[in-house]
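The values are calculated or read from the model by the stated rules, or taken from the named source; none is laboratory data. Small disclaimer: the values here were computed from a predicted structure and weren't measured. Don't worry about glycine lacking a Cβ; one is built from the backbone with ideal geometry, like all the others, and counts go over all protein chains shown. Ligands, DNA and RNA are stripped out before the accessible areas are found, and what is left, the full protein with its side chains, is counted by its heavy atoms. Shrake-Rupley method; radii C 1.70, N 1.55, O 1.52, S 1.80 Å.
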Amino acid sequence: MEILSNISLKQYNTFGIDVKAKHFVSVKSVEELKFVLNLEAFPEKFILGGGSNMLLTKDVDVLVIHLDLKNIEIISKNEDTVIVKVATGENWHDFVLWCLEHNFGGIENLSLIPGNVGATPIQNIGAYGVELKDVFVSCEALHINTQKVRIFTKEECKFEYRNSIFKQDLKGKYVILNITLELTNKNHKINTSYGAITEELKKMKVESPSIQDVSNAVITIRESKLPNPKVIGNSGSFFKNPIISKSHFNTLKINFPELPSYSVSEENIKIPAGWLIEHLGFKGKRFGNYGVHNKQALVLVNYDDAKGEDIFKLSQLIQSTVKRIFDINLELEVNII
Ligand code: EPU
């Protein structure tokens with residue numbers, strides 16, 4: 001373990017923003033993590049996981065601790081289910097592929113989501129009809145100040161749409177060390193409820209899909225809509241899909257009869273933010289080296305060496321325009337640093 005100085009963070013964030021860390025260290029174990037957290041020479045620290053859900057707008061003038069803890073462990077297995085514990089620094093999609101190789105089901109709909117395992121409970125990642133909470137059992141997390149390890153059950157994580165206790169009351173207080181999931185070992189629960197998957201499986205001429213088929217379909221859909229961060233820097237959806245009241249929705253329908261929606265409760269409705277942004281003409285708009293993706297308006301992109309600050313300003317312009325035209329507050333899904 002070596003503490004480096006003036007390190008570019010470009011390869012450590014999926015947006016590919018080239019800012020510098022004043023000091024930088026990669027930790028491979030809980031002991032190393034505790035050791036660097038205790039270093040008095042660096043009173044302030046910044047914890048970095050897979051860098052897939054952040055927009056860096058300035059140099060990070062503190063010690064950046066890169067979580068590189070790896071391990072995948074089968075805790076128990078019976079005929080029907082398997083309990084797997086996976087460390088924070090494992091790449092999420094590689095873990096999905098590992099599960100498919102072992103024929104463990106439950107996270108195939110979450111294929112190709114960028115980032116590392118440790119970030120997945122923080123925002124309860126979700127895609128194509130499945131959320132992490134559907135397979136989540138618990139996670140272990142280290143309290144940054146007391147350095148005590150605590151186990152959080154699923155209930156204690158308070159998962160909601162793109163939200164958990166780690167984004168709310170406990171924000172910045174804990175480092176996720178590992179997560180434990182319950183997956184299926186046979187009789188997989190194939191979830192093709194999301195329309196696009198059914199269509200893709202039809203195209204693939206698959207009638208009774210396996211977990212591998214579902215994963216392949218999701219990968220094809222994602223590759224057709226979402227930019228590959230290795231080619232075009234991005235952080236996936238930059239905004240959350242807003243949830244509004246039914247009365248607000250009914251008022252909007254008068255002027256925007258084609259406004260799509262998903263029912264979430266008796267009182268509320270979820271609106272695809274991508275539709276709002278596209279409707280305002282932002283989709284595919286390019287401002288020099290950054291812009292709005294041309295196939296998915298929820299995704300802001302860095303074409304080449306853009307500044308995080310410029311992308312942030314674009315997100316503010318989108319938010320204020322959405323507010324003005326639709327009276328909807330678009331919340332950011334991405335953390336601004
Ligand atoms: N839409 C548009 N224009 C766009 C994009 C979307 O009109 O440019 C409308 C269409 O009506 C479309 C609907 O939005 O039918 C849904 O689009 P899509 O299936 O692409 O899903 P989304 O609601 O835009 C959410 C997640 C994605 C996730 C997909 C699939 C959020 C903020 N985003 O996007 O998650 O992959 O569903 O489940 O909930 C991410 O979080 O980084 C992410 C990519």
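The table for this structure:
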item	result
Matching residues in the stretch 8-28 - criterion: being within 18 Å of SER52 (Cα to Cα) and either part of a loop (DSSP other than H, G, I, E, B) or not assigned by TED's automatic domain parsing to the domain that holds THR57 (or both)	LEU9, ASN13, THR14, PHE15, GLY16, ILE17, ASP18, VAL19
Matching residues in the stretch 1-24 - criterion: being open to solvent by less than 70 Å² (accessible area, probe 1.4 Å), touching an Asp or Glu at 6+ places or on another chain (Cβ under 7 Å) and over 14 Å from ILE337 (Cβ atoms)	SER8
Members of the stretch 234-250 found to be away from the ligand (no atom under 11 Å from the Cβ) and out of contact with any Lys or Arg (no Cβ under 9 Å at 6 or more places or on another chain), listed by number	SER245, LYS246, SER247, HIS248, PHE249, ASN250
Residue in the stretch 147-162 that is at pLDDT 95 or above, part of a helix (DSSP H, G or I), within 18 Å of TRP92 (Cα to Cα) and open to solvent by less than 70 Å² (accessible area, probe 1.4 Å) present	no
Which numbered condition LYS186 fails, given (1) assigned by TED's automatic domain parsing to the domain that holds ASN78; (2) within 16 Å of the ligand (Cβ to nearest atom)	(2)
Hits in the stretch 298-318 (condition: in contact (Cβ under 8 Å) with a residue 24 or more places away in the chain and under 23 Å from TRP275 (Cβ atoms))	LEU298, VAL299, LEU300, VAL301, ILE311, PHE312, LEU314, SER315, ILE318
Residues within the stretch 124-136 that are assigned to a loop (DSSP other than H, G, I, E, B), open to solvent by 10 Å² or more (accessible area, probe 1.4 Å) and more than 8 Å from the ligand (Cβ to nearest atom), tallied	1
Counted residues, the stretch 84-123 - those being charged (D, E, K, R), outside any strand (DSSP E or B) and more than 14 Å from the ligand (Cβ to nearest atom)	3
Residue within the stretch 213-223 that is more than 14 Å from the ligand (Cβ to nearest atom), loosely packed, with under 14 Cβ neighbours inside 10 Å and not aliphatic (A, V, I, L, M) present	no
The stretch 25-39, residues that are of a type outside the set (S, T, N, Q) and open to solvent by 10 Å² or more (accessible area, probe 1.4 Å)	LYS28, VAL30, GLU31, GLU32, LYS34, PHE35, LEU37, LEU39
